[in-house]
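The values are calculated or read from the model by the stated rules, or taken from the named source; none is laboratory data. No experiment lies behind these values; they were computed from the predicted model shown. Every residue, glycine as well, gets a Cβ built from its backbone with ideal geometry; the counts of neighbours run over all protein chains shown. Quick note on the areas: whole protein, heavy atoms, side chains included, nothing else; ligands and nucleic acids left out. Shrake-Rupley method; radii C 1.70, N 1.55, O 1.52, S 1.80 Å.
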Amino acid sequence: MPNIQLLSPSEARKIAAGEVIERPAHMVKELLENAIDAGATSISLYATQAGKTQLRIIDNGCGMDAADARACFLPHATSKIAVLEDLETISTYGFRGEALASIAAISKVTLITKRTTDQLGVKITYTEDTLSSEEQVACSTGTEFIIDDLFYNTPARKKFLKQDETEWNAIQQAVHAFCFSHTHIHFKIYHNHKQQLNAPSVASARDRAAQIWGPDVADFFIPIKSASITDQLGLHITGFVTNHQFWRYGKTHTNFFVNNRWVKNTELNKALFKGYLGVLPPERFPGALIFFTINQAEIDVNIHPKKEEVRFSKPGIVTTALTNAVKETLNNAVTEHFQAPSVPRCPEDSTTSFMPEMKPFPIQQINNPWPMNEHSIAMPDVFDLEQHPASLPIQKHTAVPQIFQPQEDSPTQLEVTPAATESPPYRVLGQLMNTYILCSHHDELVMIDQHAAHERVLYERRTSFFDEAHGSLLLFPEVITLTASLIQHLLTWQEFFGKQGILFDALGTNEIAIRSAPPQLRGPSLTTVLTDAAYFIEEHGSLDRAAFTSKFNEHVHSHMACKAAVKAGDTLSLPAMEQLIKDLMDVDNRFICVHGRPTLWSLNKQEIEKKFRRI
Ligand code: ADP
Ligand code: MG
């Protein structure tokens, strides 16, 4: 080992700076926070080459006098806290006095600033981490930082910068987050001399979503309605989440704020997605602008050099409250729609739309008598056969409408429960192409995809009962031939299939013989479900056990629902159609099938009248 040497203060600062500023977006975040802490109501950002060559941020905040302008670049120079205890009550973003010192250590900085009370402002330049010039200048009140040549003196860091497009995306995300959390501020952003966003102050985060992502996207956002507020932590959750009709392949439209600070927290993400379970197709992400307020003493933001992460003193309470709030919100939106008479939509809307005003749906809370927990959400492991008249007596479950089995002979008959004779809110007009059920609902013409609807009904029923299912013995065992490894996968999950009413044994290394199966899953459907399950295990088996079990459950259940559901092309009798609609309206997540396709859409009065040019 060579001898220990002390780093020079300037080298040490360059190294430390890397902790705070790894990329231009971090610099943007720090400078925006400072502008906001200074009370700015207008902030403009100009970047060239994604801030690698230059970044300028101009605010109309309180400004600094010459002495502060010089001092602000010193390490640990802050006007925001004096002692550690101040952190418990802090309301500003900054408090460590690190940002400007870090920026000055790794770039060339110019600062122009003036307070309202001063006639003239001051212009200061910092290079090589030292003050290189200072002069009085005429300028407007507020502060302008110009950062040139980021990482010019730390090539190792510069090398890790990504392409301009990636860095610019990160900058935009950071700016957008502040747009959402500070709706009273007018933000303007420019990249390579082109304006990218001009967002004057607005009333709500949803209005910001309209400015940033466009009104079409903002329309999907519904306000969070939540009774789940805990006094204990002073916890409140507000904001907006998207309905079931919106999803993205990434988390680009998801932002969390804790006491108005933009934070990243994987637990919050998980809790959010849990609220959407069964509402969105797998691997799709909703939009969310969620604001938590919580007693400052219950959180720690000082756990990450960039203050991007937050630690809650009682994370379980916060995440459960979030999941419940999301579920409640989605649920309320549905209930409201069905209680309210049909609301006419604005005439300039497109002529047909897939239930655009019908906000989202779901949720276990309405029907599910079991308390929500990890397992009831993620691992619905039952295939409930009680709904199938073929296997159980009808009278046992008059409260649960019976589902029919498609028969060879048409029209397909549905066993109708006594309740189905009540006048239905949906009046069936007929069947179109043996695939869609047409009905009227208030002033709307509603078209229902019979397969998608039935699939959803079966799926929801299965996942909302927690007793084990029973298959019935097959007259002749069904034999499936697959590769040895695929057969082995099925044998590993033999017990799981047993719970779904599917019993089988190995026949040598390449075959299994199925002895028993749920009645609606016979023949080709049964073979398809099991073969598909074997491939699924092969593909995803390397996941950790819990993640796999939940994915597998979801997959098998949705596949079984799909196979057991009435098909497009099946003729349905009028009572069968009425029963199906009634059943659909009874289950959660009724507006999308298990693959994420809509189960129904509507044309409202206004749209119909527009077609006939009555309006
Ligand atoms: P911190 O924000 O943690 O206090 P910074 O290094 O970010 O540390 O800033 C140091 C100080 O410089 C701040 O405490 C503040 O007094 C001053 N300052 C920085 N930016 C601005 C600005 N845009 N307007 C007014 N004062 C500012
Ligand atoms: Mg700061």
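Brief remarks follow.
- Condition met for Lys188 (at pLDDT below 95, open to solvent by 30 Å² or more (accessible area, probe 1.4 Å) and over 25 Å from the mean Cα position of the chain (by Cα)): no
- The set of residues in the stretch 22-40 that are under 16 Å from Ile171 (Cα atoms) and more than 10 Å from ligand 2 (Cβ to nearest atom) comprises Glu22, Arg23, Pro24, Ala25, His26, Met27, Val28.
- Taken over the stretch 53-73, the residue count meeting the criterion of being touching a Phe, Trp or Tyr at 6+ places or on another chain (Cβ under 8 Å) and away from ligand 1 (no atom under 11 Å from the Cβ) is 3.
- Candidates Ala16, Ala104, filtered to the one that is in the same structural domain as Ala156 (by TED's automatic domain parsing), open to solvent by 10 Å² or more (accessible area, probe 1.4 Å), within 16 Å of ligand 2 (Cβ to nearest atom) and modelled with pLDDT under 95: Ala16
- Any chance Gly569 is over 30 Å from Asn510 (Cβ atoms), in contact (Cβ under 8 Å) with a residue 40 or more places away in the chain and surrounded by fewer than 17 Cβ atoms within 10 Å (Cβ to Cβ): yes
- Residue in the stretch 69-88 that is at pLDDT 95 or above and either in a loop (DSSP other than H, G, I, E, B) or more than 14 Å from ligand 2 (Cβ to nearest atom) (or both) present: yes
- Selection count, the stretch 135-165, where residues are touching a residue at least 40 places away in the same chain (Cβ under 8 Å) and open to solvent by less than 80 Å² (accessible area, probe 1.4 Å): 16
- Cβ-Cβ contacts under 6 Å between residues 6 or more apart (or on different chains), taken from a first residue in the stretch 11-40 that is free of Cβ contacts under 8 Å to residues at least 24 places away in the same chain to a second residue that is surrounded by fewer than 22 Cβ atoms within 10 Å (Cβ to Cβ) and outside any helix (DSSP H, G or I), are listed as Gly39/Gly61; Gly39/Cys62.
- Screening His184 against (1) farther than 25 Å from Lys29 by Cα; (2) not hydrophobic (A, V, I, L, M, F, W, C); (3) not assigned by TED's automatic domain parsing to the domain that holds Arg261 leaves a single unmet condition, (1).
- The helices (runs of 4 or more DSSP H) located wholly in the stretch 205-276 that include 2 or more residues which are out of contact with any helix residue (DSSP H, G or I) (no Cβ under 8 Å at 6 or more places or on another chain) and free of Cβ contacts under 8 Å to residues at least 40 places away in the same chain occupy 215-218, 266-275.
- Selected residue (criterion: farthest from Ile146 (Cα to Cα)) from residues of the stretch 35-65 that are open to solvent by 40 Å² or more (accessible area, probe 1.4 Å) and in a helix (DSSP H, G or I): Asp37
- Residue within the stretch 544-562 that is over 17 Å from Gln488 (Cα atoms), outside any helix (DSSP H, G or I) and in the same structural domain as Ile480 (by TED's automatic domain parsing) present: yes
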